[in-house]
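Take a look at the structure below.
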Amino acid sequence: MTGEETVHILEAHANGQLAGNGPFTRACQQWLVDKTGCKKALLTHSCTSALEMAALLIDIKPGDEVIMPSYTFVSTANAFVLRGAVPVFVDIRADTLNIDESLIEAAITAKTRAICVVHYAGVGCEMDSIMAIAERHGLYVIEDAAQGIMSDYHGRALGSIGHLAAFSFHETKNVISGEGGALLINDERFAERAEILWEKGTNRSSFFRGEVDKYTWVDIGSSFLPGELIAAFLWAQLEHADGITARRLHIWNNYHTAFADPETNHQLRRPVIPEGCRHNAHMYYLIYDSLAERSAFIAHMKAADIMTVFHYVPLHLAPAGLKYCRTHGPLPITEQLSERLVRLPLWPGLETELPRVIDTALAFANA
Ligand SMILES: *Cc1c(COP(=O)(O)O)cnc(C)c1O
């Protein structure tokens, strides 16, 4: 918390508008446009619902295919499965754990409509190659930038590169509102319809701008917009986004320095940040040699009351993944690294405990 969340919530209460699309919603959306350079931003209940809006906007139909990594959260796939599409998984890169752009083109079929990339740990995917592939084949690119706020790729903010993108403000992310998210629109063709889907299929937003004299049902839609209390909370976080990111980076850099020697000694592997990527310190992880070694590390840290956790179970191995999705080729990196990766604690406020966390982790490496 930044300390100003409750102040803004009281202001929203005093404003008297508690439904969405009020002053705090507009302030947050303008901040997102200014900060990322996207054409338009709409607050949503979650990254999940922003991805669902993206699937509606690109008019995903039953049988369509969407290429994505299997090493991701369920919502990346679910947003398209809900429209009857088939997620097609390709393997990830061993360095960043992002989709391996060199495998995308071979997975394209006549049914492929989109590529949905995930910027794992807030580190950008190879967007130049991915946008070029999409352009060659007439595909849309959706960025699942749930973890990517305040990161950039060759000077462009994550979330501002694909046709559409989704941020998450879930409490596990860097900038939070409990539950929350945003749809970022970079292709202006989607801007007007996005507003309509967002406002339950009505042209209510045009009505409020005085562009039409009454509002009515004009398209499909749903309730995708959060109320003003959520936006007021989020505003306190966005105002401090630079400070939050700086504190996280400080912790991340301390970890990175501390684990340099164990990496040199082949005891573990550290995260890789490619040239041209500026990241937001969303996550610090270590990769051990085997599942057994990772389990031993988690137990070692737990014995010192430090919680460390693994991450995604690959979607192609999950029950719903087997039912609704398919893979293109084997996914050896996904399967191996998901069993060997462990995340360390990382949040603003950890600073005082950080030396103990690092010492405990180093004691495992040196045991
Ligand atoms: C957190 C996360 C989501 C879901 O975000 P919500 O805001 O909780 O819906 C989706 N994709 C990825 C990659 C995430 O990390």
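The values are calculated or read from the model by the stated rules, or taken from the named source; none is laboratory data. On a predicted model such as this, the values are computed, not experimentally measured, just so you know. Virtual Cβ from ideal backbone geometry, glycine too; neighbours counted across all protein chains shown. Just so you know, the surface numbers come from the protein's heavy atoms only, side chains and all, with ligands and any DNA or RNA stripped out. Shrake-Rupley method; radii C 1.70, N 1.55, O 1.52, S 1.80 Å.
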Hydrodynamic radius by Kirkwood, which averages 1/r over all alpha carbon pairs of the range 10-162, in angstrom
16.3
Mean separation of Cα pairs under 8 Å and 6+ residues apart, divided by the residue count of the range 80-213: what relative contact order is that in percent?
14
Viscosity 0.890 mPa s, temperature 25 °C: give me the Stokes-Einstein translational D for the chain in µm²/s, with Rh taken as the Kirkwood radius over C-alpha pairs.
115
Heavy-atom accessible area of His256 with all protein chains present, probe 1.4 Å, nearest 10 Å²?
40
GNM top mover of Lys323, Lys39, Lys61 - the chain, alpha-carbon springs below 10 Å
Lys323
Throw me the Rg/Rh for the range 28-109, computed over C-alpha atoms with Kirkwood Rh, two decimals.
1.02
Ignoring ligands and nucleic acids, what accessible area does Asp34 show with a 1.4 Å probe (Å², nearest 10)?
110
Thr327 long-range amide H proximity, modeled H, under 5 Å
Phe89
The long-range amide H neighbours of Ile92, using H built 1.01 Å from N in the peptide plane and a cut-off of under 5 Å, are Asp100, Ile333, Thr334
Mind listing the phi-derived Karplus ³J(HN,Hα) values for the range 23-29, rounded to whole Hz, using 6.51, -1.76 and 1.60 with θ = phi - 60°, and x for any glycine or proline?
x, 5, 4, 5, 5, 5, 5
Which pairs, out of Lys61/Lys323; Lys40/Lys200; Lys61/Lys173; Lys35/Lys200, put more than 21 Å between their alpha-carbon atoms?
Lys61/Lys173; Lys35/Lys200
I need the P(r) histogram for the range 277-342: all alpha carbon pairs, bin width 10 Å from 0 out to the longest distance, whole percents.
18, 39, 32, 11, 1
Environment charge of Ala258, counting only residues whose C-beta is closer than 13 Å and scoring Lys/Arg +1, Asp/Glu -1
-1
For the range 241-366, calculate the relative contact order in percent as a whole number, restricting contacts to Cα pairs under 8 Å that are 6 or more residues apart.
34
Explain nothing, just compute: Karplus ³J(HN,Hα) = 6.51 cos²θ - 1.76 cosθ + 1.60, θ = phi - 60°, for every residue of the range 165-174 in order, whole Hz, x for Gly and Pro.
8, 10, 9, 10, 10, 4, 5, 8, 9, 6
Rounded to the nearest 500, what is the 222 nm mean residue ellipticity of the chain from helices alone, with -39500 (n - 2.57) per DSSP H run of 4+ residues and division by all residues?
-11500 deg cm²/dmol
Largest fluctuation, Gly138, Gly321, Gly162 only, Gaussian network model of the chain with Cα springs under 10 angstrom, belongs to Gly138
Using the Karplus curve 6.51 cos²θ - 1.76 cosθ + 1.60 with θ = phi - 60°, work out ³J(HN,Hα) for each residue of the range 259-265 in order, rounded to whole Hz, and write x for Gly and Pro.
9, 5, 5, x, 5, 4, 7
Could you work out the relative contact order of the chain, using alpha carbon pairs under 8 angstrom and six or more residues apart, expressed as a whole percent?
21
Please list the non-local residues whose amide H lies under 5 Å from the amide H of Cys277, H modeled 1.01 Å from N, same-chain partners needing a gap of 5 or more.
His154
